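To keep things clear, I will list the structure first and then write my remarks on it.
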Amino acid sequence: RDGSLGSTGQVFEGSIHNELLETIIAMRPSTPPAAPAGWALGRGLAVGTWFVFVGPSAATINLNADGSATLVAAGVEIGSGSTVQAIPQIVADTLGIAPELVVVMQADTDASGYDVGVGGGRTTVSLGSAALLAAEDVRAKLLDAASDLMEVAASDLEVRNGVISVVGDNRMARSVSEVVTFAQGRGGPLIGNGAFTAKGTECLAGCAAGHMIDALDIPIFTVHECDVAVDPATGMVLILDYRVAQDVGRAINPDAIRGQIQGGVAQGIGYALTEEITIASDGSIEQKGFGDYRLPIAGDVPEVHSVLHEGAPSYGPFGAKGAGEIPIMNVAAAIGNAIAAAIGAPINELPMTPPRVLAAAKGAYLNFTLEHLSANWDSFPLGDLMQQHRSQHQPDK
């Protein structure tokens, strides 16, 4: 709730979890999902809080005579899409040009400003903020040049869709390309720089003692819920429906965030149900490859329904938060709670394989011994079973 204290004495802003819970309730299907005959149904919910590790970052933007912009980014792309989707959108929106005109140079810190590294859900927040500052810097220089060219006060100008004009009057409009060419011939290139780091979050020093992180720079909140079916004869678990309500601050690229959520849930399903490393008596790892270390495949993963909650406080660019790490966090807990509801007994060991689920249901819970071998999986073709179930229960279009 708004004003609640965290474990380090940090004061949280907004009643975000309450709003996410209300969203999850509204997302629930009106009728229970279809399940194989004789299987037990269960619904599980998990609530989580994570954070953005902010840290310093830097960016430089050069405006080019063809109307494009070159962004020299201190951070790099690792597959999340931050530097090729969200950050070009931030720059383009600020400069009034199309996102495809923003060319990102994936530089290292020998050729660009300092960045603490990609991780902690920080790239859109930290590098995005630095890029926003750089874009604002070069935009001001662009409008100053346009002011000289058009003989109009810079404060009376705006730039939209690659065109600079007097606010509300397009009669004197000039293209960004024209103004950049004019500026380059008069005084050299138009370059903007931006640097950003966390502004710090207050906490109570006595409460923070002993904590590696004394306060969460930008807290992120999320709620996951799922419906599962459990075969009482085998302990097999089938995920029927999965729902996520996630706090995103401001969704710069909603499709990219939904992709992160889908991927995080898929990874979490493997973590929750199938992926296990066991150690032989000689200390070697018994799993030799993907044949006996079971990663989820397409047939194992249900459709993930997600709602992006906007409006929570954040000092990221335009109010954005990180979205790369938090989607996996709640998955095992939500599935475990759903299994417990189905079998009437808790299960607290991962992965929740059919032998463990069956043992928990029968009251003979398996102790954590690292002796669960992949051979126990031979009779459980998970992907085939889920695909068969979906083909039999495909909803009407």
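The values are calculated or read from the model by the stated rules, or taken from the named source; none is laboratory data. Keep in mind the model is a prediction, meaning the values are calculated, not measured. Cβ: placed from backbone, ideal geometry, glycine included. Neighbour counts: every protein chain shown.
Counting the residues of segment 96-113 that are of a type outside the set (S, T, N, Q) and touching a strand residue (DSSP E or B) at 6+ places or on another chain (Cβ under 6 Å) gives 7. Confirm whether GLY299 is at negative phi, at pLDDT below 90 and surrounded by 12 or more Cβ atoms within 10 Å (Cβ to Cβ). For GLY299, the condition - at negative phi, at pLDDT below 90 and surrounded by 12 or more Cβ atoms within 10 Å (Cβ to Cβ) - is met. Among the residues of segment 58-68, those identified as farther than 13 Å from ASP115 by Cα and in a strand (DSSP E or B) are ILE61, ASN62, LEU63.
Within segment 32-57, the residues that satisfy the criterion of being at pLDDT 90 or above and either among the polar types (S, T, N, Q) or in a strand (DSSP E or B) (or both) are ALA40, LEU41, GLY42, ARG43, GLY44, LEU45, ALA46, VAL47, GLY48. With the checklist (1) closer than 30 Å to PRO232 by Cα; (2) over 19 Å from the mean Cα position of the chain (by Cα) in hand, flag the one item VAL47 doesn't pass. With respect to (1) closer than 30 Å to PRO232 by Cα; (2) over 19 Å from the mean Cα position of the chain (by Cα), VAL47 is out only on (2). In segment 69-179, counting only strands (runs of 3 or more DSSP E) that sit wholly within it, the ones holding 2 or more residues that are of a type in the set (Lys, Arg) span 169-175.
Among residues of segment 336-349 that are surrounded by 15 or more Cβ atoms within 10 Å (Cβ to Cβ), those with a Cβ under 7 angstrom from a residue that is of a type in the set (Lys, Arg), sequence gap 6+ or separate chain, pair up as ALA338/ARG43; ALA341/ARG43; ILE347/ARG356; GLU349/ARG356. Looking across segment 250-273 at every residue that is among the polar types (S, T, N, Q) and within 22 Å of PRO99 (Cβ to Cβ), the one that is surrounded by the fewest Cβ atoms within 10 Å (Cβ to Cβ) is identified as ASN253. The residues in segment 52-76 that are in contact with a helix residue (DSSP H, G or I) (Cβ under 7 Å, 6 or more places away or on another chain) and closer than 27 Å to ASN161 by Cβ can be counted, and the count is 12. In segment 345-368 there is at least one residue matching the filter, namely being at pLDDT below 90 and among the basic types (Lys, Arg).
Restricting attention to segment 210-236, the residues that are touching a Ser or Thr at 6+ places or on another chain (Cβ under 9 Å), of a type in the set (A, V, I, L, M) and modelled with pLDDT under 80 add up to 3.
Screening ASP292 against (1) surrounded by 21 or more Cβ atoms within 10 Å (Cβ to Cβ); (2) outside any strand (DSSP E or B); (3) not small (Gly, Ala, Ser) leaves a single unmet condition, (1).
For every residue, the table says whether it meets (1) surrounded by 17 or more Cβ atoms within 10 Å (Cβ to Cβ); (2) within 20 Å of THR60 (Cα to Cα); (3) touching a helix residue (DSSP H, G or I) at 6+ places or on another chain (Cβ under 6 Å).
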site	(1), (2), (3)
SER82	yes, yes, yes
PRO88	yes, yes, yes
ALA92	yes, yes, yes
VAL116	yes, yes, no
ALA135	yes, yes, yes
ALA146	yes, no, yes
MET150	yes, no, no
SER155	no, no, no
ILE164	yes, no, yes
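Number of residues in segment 22-39 that are more than 15 Å from HIS305 (Cα to Cα) and either among the basic types (Lys, Arg) or surrounded by fewer than 10 Cβ atoms within 10 Å (Cβ to Cβ) (or both): the value is 3. What single numbered condition from (1) assigned by TED's automatic domain parsing to the domain that holds GLN184; (2) under 24 Å from ARG122 (Cα atoms) fails to hold for GLY67? Answer for GLY67: the failing condition is (2).
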